[in-house]
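Working notes, structure below.
Taken together, the values in this text are just the output of simple stated rules run on the coordinates, not laboratory data. Because the structure is a prediction, the values reported are computed rather than measured. Using ideal geometry, Cβ is built from the backbone for each residue, glycine included, and neighbour counts are taken over all protein chains shown.
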Amino acid sequence: MRKAGGCSILPAGITDVEGEFEAGNTISVVNKNGHELARGLSNYSSEELDMIKGAKTSEIENILGHKHFDEVIHRDDLVIL
């Protein structure tokens, strides 16, 4: 495992959300084939993430009515496997 260098996970890069989780929970990041690439602390719940997936960061507040973070997972909270 290694710490992510300079890449955070943004809503625009998310295509699907599986399972239920709360903000602050550890979640897995997988590719199209289901291979786990990373794990990190989510800044949004699964319900919120399902609403903002694929959206630009500037659209988060309009969609959710609030925006606490630009990133779904900040690079400081992301570990590459």
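Some points to look at:
- Other-chain or far-sequence residues with amide H under 5 Å of Val30's (modelled H): Leu37
- Length added when fully stretched, Arg39-Asp70, from 0.36 nm per residue minus Cα-Cα: 9.4 nm
- Compactness index (Cα Rg / 2.2 N^0.38 Å), the chain: 1.01
- Separation in nanometres of the label points that stand 7 Å from Cα toward Cβ, at Val79 and Asn25: 1.8 nm
- DSSP loop trypsin sites (Lys or Arg not before Pro) with at most 13 other Cβ within 10 Å excluded, longest remaining stretch of the chain: 1-31
- For the chain: relative contact order, % (alpha-carbon pairs under 8 angstrom, 6 or more apart): 46 percent
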